[in-house]
Amino acid sequence: MKINYADLKESINSSFEKNFYDLIIIGSGPAAITLSEKILSTKKKSKILILEYGDYQKKSYKKIFSKYLKINLKSRVFTVGGTSSIWANISSYFEEFEMKSRWSKKKINLWPISHKSLMREYEKLDKKYQFFFNKIKKKKFGIPFEVRPFLSTVKPINFKQFIDFKKIDLIFNCKIDTIDESKDLAAAYTLDNRVKFNAKKIIVCCGGIESVRLIQNSLFKKKLKKIKNKNLVGKFFMDHPKFDLGYLKFPKYEIINKIEVKKKNNFVSYYGISLKKNIQIKKNLLNTYVRFENHNNKIFNFLDNIKIPIIRNILERKKIFRVRLFCEMMPNMNNLITSKNTKTFVKLKFSKIDYDTINLLTKKIKYFFSQKPEKEVNLNTRNILKRTKDASHHMGGLRFYPNENESVVDRNLRIIGLKKIYVCSSAVFPTSGSVNPTMTICTLANKLGNHLKKNL
């Protein structure tokens, strides 16, 4: 069943407050939908309610105040399906070394779960959600670089299509303001204070910023008092900042042609170029990468349709590639989210290691292409912060860490100190990695689903 909260204002107290659910999921993005499907695959009679802030069809956006790196308004979309309603479906998996600290002498694991366990879940979800993480082969580029492949469908997948309304209740335009738990139940309260929704357990799946806001606002209104590490809530916020590094211009060049963004049939292939792992580890760097994109997509789409070789060769004598850089960010407790009522503030600043990584990668790319004939290389890192844009991949703020004294959630994603409230979103990531987080979010949802099936 799907219901517009606005249509229920008169009857909602009598029809829903008495209705006790097994599970309430706040948010309706990839995490929420993957989780609900996982539970219903074996617990078919489970009563699940999804509460979505946004509309079923229309998209809305929420302003946010930010210092240093500006958060894009359009990156915080509210609608059924969450950010999968606007994403490009470009995803990949975490590599093992991305789960470790590469910025210190001790390369300790920063995730409380193993890379092998994530890989098992990746493979389970791969076919269903068309992540295709093992469908394209890695390509060689040249020393000191390595290539990371991505694949997506031309038409991105909106996770909304996977909701089974015969088994799941969905209320949209339902603005949840706070959550709490008592001895017997967990409860979610609406912003208009008209109703609370009751359940055995609540899972917060609101993305990297809203998940934090909901927990912080609940604390501000003197709920969730038993959270153990309140001082960590909102800290270690991260993003995948991106900016145009510049351009490359030269005759048709075989290596670039192999790894540029290309469309074929129903798929788009992308390739990121990063420094080799051993260099990153040796120099304490992050797994930042660049992507080579056609400077003028209209021209090159036109070229793709030209079948006469002579004409094509004339038009292709000089190719221009935009070089786009995507930054992994070092976890930093001073990068944070603070929320009070409906207002949220973000502080997000590059560290020295972030800058060092960007500068060295740029230097190596410049040198590599300077050896090629008839080239024009124009790459620069001046005014990085002013040129940097939010990549809409918000992570951290509710840290998932091996040492529970330094973590907000435990190994099962339950908030430490509470018994009935969990978080399943990119907000729990202890490292950002170098790729779109959606695939990893879904694996965490799958793992949490396995845990909850035994505990509902």
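The values are calculated or read from the model by the stated rules, or taken from the named source; none is laboratory data. Note that this is a predicted model, so its numbers are computed, not measured. Cβ coordinates were reconstructed from backbone atoms using ideal geometry, including for glycine residues, and neighbour counts include every protein chain displayed.
Observations on the model:
- Number of the condition not met by MET333 [criteria: (1) surrounded by fewer than 17 Cβ atoms within 10 Å (Cβ to Cβ); (2) part of a strand (DSSP E or B)]: (2)
- Within the range 255-277, restricting attention to residues that are crowded, with 20+ Cβ neighbours inside 10 Å and small (Gly, Ala, Ser), the residue that is farthest from the chain's Cα centre (by Cα) is SER274.
- Residues being under 26 Å from TYR271 (Cβ atoms) and either in a helix (DSSP H, G or I) or at pLDDT below 90 (or both) - total across the range 95-138: 30
- Residues satisfying the stated conditions in the range 353-382, i.e. assigned to a helix (DSSP H, G or I) and not hydrophobic (A, V, I, L, M, F, W, C): ASP354, TYR355, ASP356, THR357, ASN359, THR362, LYS363, LYS364, LYS366, TYR367, SER370
- Test set (1) of a type in the set (Ser, Thr, Tyr); (2) closer than 30 Å to LEU413 by Cβ; (3) touching a His at 6+ places or on another chain (Cβ under 8 Å) - TYR247 fails condition number: (2)
- Residue in the range 429-438 that is without any contact (Cβ under 8 Å) to a residue 24 or more places away in the chain, part of a loop (DSSP other than H, G, I, E, B) and either touching a strand residue (DSSP E or B) at 6+ places or on another chain (Cβ under 7 Å) or surrounded by fewer than 14 Cβ atoms within 10 Å (Cβ to Cβ) (or both) present: no
Let's see how each residue does on (1) within 22 Å of VAL423 (Cα to Cα); (2) of a type outside the set (Gly, Ala, Ser); (3) within 18 Å of the chain's Cα centre (by Cα):
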{"site": "ILE39", "(1), (2), (3)": "yes, yes, no"}
{"site": "ILE50", "(1), (2), (3)": "yes, yes, no"}
{"site": "LYS62", "(1), (2), (3)": "yes, yes, yes"}
{"site": "LEU69", "(1), (2), (3)": "no, yes, yes"}
{"site": "GLY82", "(1), (2), (3)": "yes, no, yes"}
{"site": "GLU95", "(1), (2), (3)": "no, yes, yes"}
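- Restricting attention to the range 148-161, the residues being surrounded by 13 or more Cβ atoms within 10 Å (Cβ to Cβ) and either assigned to a loop (DSSP other than H, G, I, E, B) or at pLDDT 90 or above (or both) number 5.
- Beta carbons closer than 6 Å, at least 6 apart along the sequence or on distinct chains, never pair a first residue in the range 352-365 that is in contact (Cβ under 8 Å) with a residue 60 or more places away in the chain with a second that is surrounded by fewer than 19 Cβ atoms within 10 Å (Cβ to Cβ) and assigned to a helix (DSSP H, G or I).
- Residue within the range 243-250 that is part of a loop (DSSP other than H, G, I, E, B), over 17 Å from the mean Cα position of the chain (by Cα) and within 27 Å of ILE157 (Cα to Cα) present: no
- Pair list, Cβ < 6 Å and 6+ apart or interchain, from the range 308-333 residues that are at pLDDT below 55 to residues that are of a type in the set (Val, Ile, Thr): ARG312/ILE306
Yes/no per residue for (1) out of contact with any helix residue (DSSP H, G or I) (no Cβ under 7 Å at 6 or more places or on another chain); (2) modelled with pLDDT of 95 or more; (3) of a type outside the set (A, V, I, L, M, F, W, C):
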{"position": "PRO373", "(1), (2), (3)": "yes, no, yes"}
{"position": "VAL377", "(1), (2), (3)": "no, no, no"}
{"position": "THR388", "(1), (2), (3)": "yes, no, yes"}
{"position": "ILE421", "(1), (2), (3)": "yes, yes, no"}
{"position": "CYS424", "(1), (2), (3)": "no, yes, no"}
{"position": "VAL435", "(1), (2), (3)": "yes, no, no"}
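- Of everything listed in (1) over 24 Å from the mean Cα position of the chain (by Cα); (2) polar (S, T, N, Q); (3) within 30 Å of LYS226 (Cα to Cα), the single unmet condition for THR178 is (1).
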